[in-house]
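Asks: Take this structure first; my questions come after.
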Amino acid sequence: VNIYNSMLATLLDVEQPLLQAKLDDIDKFLQKGLKHLNWKSHAINEFVSSTMTKVKEANTILQTIKSNVKETQVVLKQFTDQLMIDRNNTKTYTIEQFQDMLKKSIAARYTVVQKGGGVIHEHLANSNATVKVSKTNENWRRYVDYVNQIVVEGLCE
């Protein structure tokens, strides 16, 4: 009960459609139990076990996609941790030295962002594989837009 209630409490509007079939299945299963079973019924242990399996499966999916978003935010945070240019304030640079330092810094930053983009893409692909929906599914597209907004906000920090 606590896992299911926690899921419902933390479920975002953009995540709900991706898990709706699982949630509907759990609700339908629970209704059968509530209407036809009591604690003295012979099938109560099987019902509790089956319900827990369904809830844990849905919770694993939800926690996986939430974890992927959190890991994406960690990657984005790494982009802002490093200074664009780290220079010695007591030294005077020639234009050529400064341009060389800037080129190296931009190249290093580009590499970090490119690798981070690959990691973010892997997180999104993992979420898609976890929820098992088509990449053209409207609900999936909304979820991708949600993650994209997080990426944009992370890049703008």
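Asks: So which residues in region 80-137 are open to solvent by 100 Å² or more (accessible area, probe 1.4 Å) and not in a helix (DSSP H, G or I)?
Replies: Leu83, Asp86, Arg87, Asn89, Thr90, Thr92, Lys132, Lys135, Thr136
Asks: Please state which one of Lys28, Lys66 is free of Cβ contacts under 8 Å to residues at least 60 places away in the same chain, charged (D, E, K, R) and open to solvent by less than 50 Å² (accessible area, probe 1.4 Å). Working first, answer last.
Replies: Working: Lys28 fails: open to solvent by less than 50 Å² (accessible area, probe 1.4 Å).
Going through Lys28, Lys66 in turn, just one is free of Cβ contacts under 8 Å to residues at least 60 places away in the same chain, charged (D, E, K, R) and open to solvent by less than 50 Å² (accessible area, probe 1.4 Å): Lys66.
Asks: If we keep just the residues of region 138-157 that are at pLDDT 95 or above and touching a Lys or Arg at 6+ places or on another chain (Cβ under 9 Å), which is surrounded by the most Cβ atoms within 10 Å (Cβ to Cβ)?
Replies: My answer is Val144.
Asks: Another question, if that's okay. Would you mention how many residues in region 14-51 are of a type outside the set (Val, Ile, Thr) and closer than 18 Å to Lys132 by Cα? Give the derivation first.
Replies: Taking region 14-51 first, the residues of a type outside the set (Val, Ile, Thr) are 15-25, 27-43, 45-47, 49-50.
Of the ones still in play, those that are also closer than 18 Å to Lys132 by Cα are 15-25.
Result for region 14-51: 11.
Asks: Look through Val74, Val55, Val48 and report the one residue that is assigned to a helix (DSSP H, G or I), open to solvent by less than 40 Å² (accessible area, probe 1.4 Å) and free of Cβ contacts under 8 Å to residues at least 60 places away in the same chain.
Replies: Details: Val74 fails: open to solvent by less than 40 Å² (accessible area, probe 1.4 Å); Val48 fails: open to solvent by less than 40 Å² (accessible area, probe 1.4 Å).
It is Val55.
Asks: Is there any pair linking a residue in region 79-96 that is within 25 Å of Val112 (Cβ to Cβ) to one that is open to solvent by 100 Å² or more (accessible area, probe 1.4 Å) and modelled with pLDDT under 75, with Cβ under 8 Å and at least six apart or on different chains, and which?
Replies: Tyr93/Arg87
The values are calculated or read from the model by the stated rules, or taken from the named source; none is laboratory data. For clarity, every value in this text was computed on a predicted model and none was experimentally measured. Quick reminder, even Gly has a Cβ in these numbers, built from the backbone with ideal geometry, and neighbours come from all protein chains shown. Ligands, DNA and RNA are excluded from the accessible area calculation, which covers all protein heavy atoms including side chains. Shrake-Rupley method; radii C 1.70, N 1.55, O 1.52, S 1.80 Å.
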